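For reference, the structure discussed in these notes is given below.
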Amino acid sequence: MKCVTLLTAPATPVLEPALVENLRNAWGGGAVQWLMPDVAAEFEVNEVPGNRWDVWESLQSVGVDLVVQPSAGRRKKMLLADMDSTMIQQECIDELAAEAGVGPRVADITARAMNGELDFEGALIERVGLLKDLPVATIDHVLATRITHMPGGAALVATMKANGAYAALVSGGFTAFTAQVAAALGFDENRANTLLADGDKLTGDVGRPILGKEAKVAALQQITARLGISEEDVLAVGDGANDLGMLSRAGLGVALHAKPSVQAQCDVRINHGDLTGLLFIQGYSVADFA
């Protein structure tokens with residue numbers, strides 16, 4: 001059996017019962033289960049409908065996400081999450097660059113790297129080089145004034161952990177940011193790159209080896225092996241090209257508000273819902289949220 005989930009942004013709920021019923025009827029689905037009124041609903045079908053992507057595209061135009069996946073094994077035992085533009089609403093290096101006066105230049109490189117147009121490692125080295133001599137204290141200033149959590153993140157981590165899952169934050173960003181974000185949201189561990197400093201100023205370099213696409217896959221392999229679970233038991237979420245490795249390996253890989261080139265390679269795409277959408281697609285209702 002396959003599970004069909006429809007969801008939208010909880011802040012601006014637009015999922016109408018008539019829309020859900022019409023799709024259920026068209027696809028010959030089973031009874032509808034509402035996971036959150038006006039926000040998320042699901043039903044089962046025997047097989048993946050042939051017009052799935054046509055319907056997906058049509059629903060996108062009205063602010064609704066559509067996910068079709070196997071019903072069995074939906075509830076995962078591990079969350080493996082990217083940080084920038086996934087668990088937080090910003091790219092931390094872009095925010096540091098804005099403070100350094102090189103914001104537009106760095107933001108352009110970031111966008112191209114996340115869309116897969118540039119080599120991640122080379123792009124990171126180039127951007128960090130533009131931060132040379134930035135006071136280390138700027139990191140705490142940016143964390144306090146510029147970084148905000150993605151809506152639904154705390155509920156996602158808390159609910160999965162309350163149901164026995166392990167949560168790992170793995171970022172191509174920096175440990176100075178992942179440590180605080182991981183602690184605030186309740187992650188069990190975090191991995192990222194290290195900004196190097198000389199005294200009270202950044203050197204313009206980053207510690208080696210650089211954590212990029214392959215390191216995220218390695219984290220998936222290492223953590224699942226340590227926990228004694230399979231990669232099929234993992235829900236991975238990210239938005240950039242450097243996330244594609246872990247998204248393709250995980251049992252459930254979610255492209256969240258992702259770059260077009262990333263969405264094109266992922267079957268599970270959430271563009272309108274927030275991070276609670278990752279709970280809905282696992283079958284959790286709002287009443288189950290921790």
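The values are calculated or read from the model by the stated rules, or taken from the named source; none is laboratory data. Keep in mind it's a predicted model, so treat the numbers as computed, not measured. Here the Cβ positions follow ideal geometry from the backbone for every residue, glycine too, while neighbour counts run over all protein chains shown. Calculation scope for accessible area: heavy atoms of the full protein, side chains included, ligands and nucleic acids excluded. Shrake-Rupley method; radii C 1.70, N 1.55, O 1.52, S 1.80 Å.
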Residues that are loosely packed, with under 15 Cβ neighbours inside 10 Å: list the strands (runs of 3 or more DSSP E) wholly contained in region 176-234 that include at least 2 such residues.
195-198
Would you check which residues across region 246-260 are closer than 24 Å to ASN51 by Cβ and of a type in the set (Gly, Ala, Ser) and list them?
GLY253, ALA255, ALA258
Which numbered condition in (1) at positive phi; (2) free of Cβ contacts under 8 Å to residues at least 40 places away in the same chain is the only one that GLY283 fails?
(2)
Find the residue count for region 98-120, including only residues that are within 18 Å of THR145 (Cβ to Cβ) and either among the aromatic types (Phe, Trp, Tyr) or at pLDDT below 85 (or both).
0
Could you pull out every one of the strands (runs of 3 or more DSSP E) wholly within region 39-117 that has 2 or more residues that are over 13 Å from LEU6 (Cα atoms) and open to solvent by less than 20 Å² (accessible area, probe 1.4 Å)?
78-81
Selection from region 136-148 of residues surrounded by 15 or more Cβ atoms within 10 Å (Cβ to Cβ) and not in a loop (DSSP other than H, G, I, E, B) yields THR138, ILE139, VAL142, LEU143
Of all residues making up region 241-265, the number that are over 22 Å from ILE223 (Cα atoms), of a type outside the set (Lys, Arg), open to solvent by 10 Å² or more (accessible area, probe 1.4 Å) and over 10 Å from the mean Cα position of the chain (by Cα)
5
Report yes if VAL157 is closer than 26 Å to LEU252 by Cβ, open to solvent by less than 40 Å² (accessible area, probe 1.4 Å), part of a helix (DSSP H, G or I) and not hydroxyl-bearing (Ser, Thr, Tyr), otherwise no.
yes
